[in-house]
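First, the structure itself, so that you have it in front of you.
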Amino acid sequence: MTTAYYSTVLDHPMETVWALIRDFNNYPAYIEGVSESVIEDDKDGDEIGAVRRFCYLGNWIRQRLAGHSDEAHSLTYAGIEPLPFPAGLTPDAPTPVRYEGTMHLLPVVEGNRTFIEWFVKLDTAPQDADRWQALFQSWIPDWTHSLERSLGRLAA
């Protein structure tokens, strides 16, 4: 098991950030490259156990909402199927990975901003851990910056 981690401060109030991300089905609103998202079985976007099926850069992915707390401003999701390594990045692709990600927010009092930490635990073959960790370590900042751009558009 290995973890990819990223944190930063967003120049937006925590309530504003949480309002955007708390609905598990709201992915297209803040992650560039997600064109569609559907919650299966008529569950709510904040219901633990809800499954979202979303299209990210032309690939359909399913994730389950594993944890959700309005009090802690935190949500945790888990991939349902192992995620294959993106084609074309390496000639000898590592085995698919199982993963669980968490987004957690804390208020930054000075400037009414938000501290966000986003981490993904990766359950992969030991020989593949470094490559998967490096890939997620590059993706999570991209996703966080996409969230920040979306918040900026909403504030404008």
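Applying the selection to the range 112-126, what residues are in a loop (DSSP other than H, G, I, E, B) and open to solvent by less than 60 Å² (accessible area, probe 1.4 Å)?
Within the range 112-126, Thr124, Ala125 qualify.
Report, by residue number, each residue of the range 1-18 that is under 18 Å from Arg149 (Cα atoms) and either part of a loop (DSSP other than H, G, I, E, B) or aromatic (Phe, Trp, Tyr) (or both).
Selection gives Tyr6, Asp11, His12, Pro13, Trp18.
Still on this structure, please answer the following. With the requirement that a residue be over 25 Å from Gly152 (Cα atoms), open to solvent by 50 Å² or more (accessible area, probe 1.4 Å) and part of a helix (DSSP H, G or I), what does the range 19-45 give you?
Within the range 19-45, Asp41, Asp42 qualify.
Just need a number here: residues in the range 59-74 that are open to solvent by less than 60 Å² (accessible area, probe 1.4 Å) and touching a residue at least 12 places away in the same chain (Cβ under 8 Å).
9
Quick check on this structure: which one of Asp11, Asp41, Asp70 is at positive phi and acidic (Asp, Glu)?
Only one candidate passes the filter, namely Asp41.
Next question. So, in the range 79-100, of the ones that are surrounded by fewer than 18 Cβ atoms within 10 Å (Cβ to Cβ) and touching an Asp or Glu at 6+ places or on another chain (Cβ under 6 Å), which residue ends up modelled with the lowest pLDDT?
Thr95
I'd like to check something: does the range 36-46 contain any residue that is of a type in the set (A, V, I, L, M), at pLDDT 95 or above and within 30 Å of Arg131 (Cβ to Cβ)?
Within the range 36-46, not a single residue is of a type in the set (A, V, I, L, M), at pLDDT 95 or above and within 30 Å of Arg131 (Cβ to Cβ).
Look through the range 84-111, keep the residues that are in a loop (DSSP other than H, G, I, E, B) and touching a Phe, Trp or Tyr at 6+ places or on another chain (Cβ under 9 Å), and return whichever of them is nearest to Glu32 (Cα to Cα).
Across the range 84-111, the extreme among qualifying residues is Phe85.
The values are calculated or read from the model by the stated rules, or taken from the named source; none is laboratory data. Computed from a prediction, not measured in an experiment: that's the story for all the values here. All Cβ positions, even for glycine, are placed from backbone atoms using ideal geometry, and neighbour counts span all protein chains on display. With ligands, DNA and RNA removed, areas are computed over all heavy atoms of the protein, side chains included. Shrake-Rupley method; radii C 1.70, N 1.55, O 1.52, S 1.80 Å.
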